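The values are calculated or read from the model by the stated rules, or taken from the named source; none is laboratory data. In this text the structure is predicted, and so the values were computed from the model without any measurement. Glycine gets a Cβ as well: all are built from the backbone with ideal geometry, and neighbour counts include every protein chain shown. Just so you know, the surface numbers come from the protein's heavy atoms only, side chains and all, with ligands and any DNA or RNA stripped out. Shrake-Rupley method; radii C 1.70, N 1.55, O 1.52, S 1.80 Å.
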Amino acid sequence: MDFNPPLEEAILLRRYKRFLADIAWPGGREETVHCPNPGAMLGVAPEGARCWVSRSKNKARKLPLTLEIVECDGPQGLTPVGVNTNHPNKLAAEAISMGLIDGADADVPLEKEVRYGEERSRIDLLQRGASDLYIEVKNCHLLRRDDGITEFPDCVTTRGLKHLRELGRMVDEGHRAMLLFVVQRSDAAGVTAAGDLDPAYAEGLALATQQGVMMRAVLCDVDHQAIIPQRPLDVFAH
């Protein structure tokens, strides 16, 4: 996924009200930007960090700039982290087409946002076949551990737990189901549940694994020109 034009560098001053952030340009001028991330952004919104923003071509937008990347601490030092949660579905589709995701077919078309299940959810990606594959995509960027294992979620997610239940039901009905974590940072060594932040989700992840839901993750290389899926990561559902 390319950024065209490349992103513009600034300093992150603060993130607030979920969808707003203030940045400072070289020279000190401040500006409010859109922050497309509804989560807690634990550890990935440090005040004073270098950040990169995209500029919309839509002249009618109230906030023309969008926060895309924040430079954060990690086990290997400072690293750029993608914080825009609108990108993971596209990155997941790219990773599948590149043959990086075991269990998904690189040559089968992907349908997007298809309504399914008892709770009338929308599946992020669907591959039709003799056994349909339902793919739920999650953005992952929380990294607190010295071993480089990233964690999901960064706050309680009842919606995420509902998605796990729906995926389990699809397997029970004879379909295939996959939870695919898109890790928007290049210093990760794997993915696991943040059991201290959301114990119910951690239990749900373990149960879904036992039911036969495939757990997959892909690591992405992130910079101001592009975010590119690089390689699969292990998912530890315990």
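Pull up segment 29-39, narrow it to residues that are open to solvent by 50 Å² or more (accessible area, probe 1.4 Å) and in a loop (DSSP other than H, G, I, E, B), then point me to the one that is farthest from VAL156 (Cα to Cα).
Among them, the one singled out is ARG29.
Any chance you could count how many residues in segment 85-127 are among the hydroxyl-bearing types (Ser, Thr, Tyr) and farther than 18 Å from VAL218 by Cα?
2
Search segment 186-238 for residues being over 19 Å from LEU142 (Cβ atoms) and assigned to a helix (DSSP H, G or I), and hand back the single one that is most open to solvent (accessible area, probe 1.4 Å).
GLN210
Given the residues ALA24, ALA49, which is the only one that is more than 20 Å from ARG144 (Cα to Cα) and more than 17 Å from the chain's Cα centre (by Cα)?
ALA24
Hey, any hits in segment 94-113 for a residue that's more than 15 Å from PHE181 (Cα to Cα) and part of a helix (DSSP H, G or I)? I'd like the intermediate steps shown before the answer.
From segment 94-113, those more than 15 Å from PHE181 (Cα to Cα) are 97-99, 105-113; that's our starting set.
Okay, now just the ones that are also part of a helix (DSSP H, G or I), so 97.
Yes; the residues of segment 94-113 include at least one that is more than 15 Å from PHE181 (Cα to Cα) and part of a helix (DSSP H, G or I).
Would you call GLU47 in contact with a strand residue (DSSP E or B) (Cβ under 6 Å, 6 or more places away or on another chain), over 20 Å from GLY190 (Cα atoms) and either open to solvent by less than 30 Å² (accessible area, probe 1.4 Å) or among the acidic types (Asp, Glu) (or both)? Explain how you work it out, then say what you get.
On the way: in contact with a strand residue (DSSP E or B) (Cβ under 6 Å, 6 or more places away or on another chain): yes; over 20 Å from GLY190 (Cα atoms): yes; either open to solvent by less than 30 Å² (accessible area, probe 1.4 Å) or among the acidic types (Asp, Glu) (or both): yes.
Yes.
Filter segment 101-124 down to the residues that are in contact with a Lys or Arg (Cβ under 6 Å, 6 or more places away or on another chain) and under 22 Å from ASN84 (Cα atoms), then identify the one that is least open to solvent (accessible area, probe 1.4 Å).
Looking at the filtered set, the residue picked out is ILE101.
Filter segment 114-154 down to the residues that are in contact with a helix residue (DSSP H, G or I) (Cβ under 9 Å, 6 or more places away or on another chain) and in a loop (DSSP other than H, G, I, E, B), then identify the one that is nearest to ALA188 (Cα to Cα).
PRO153
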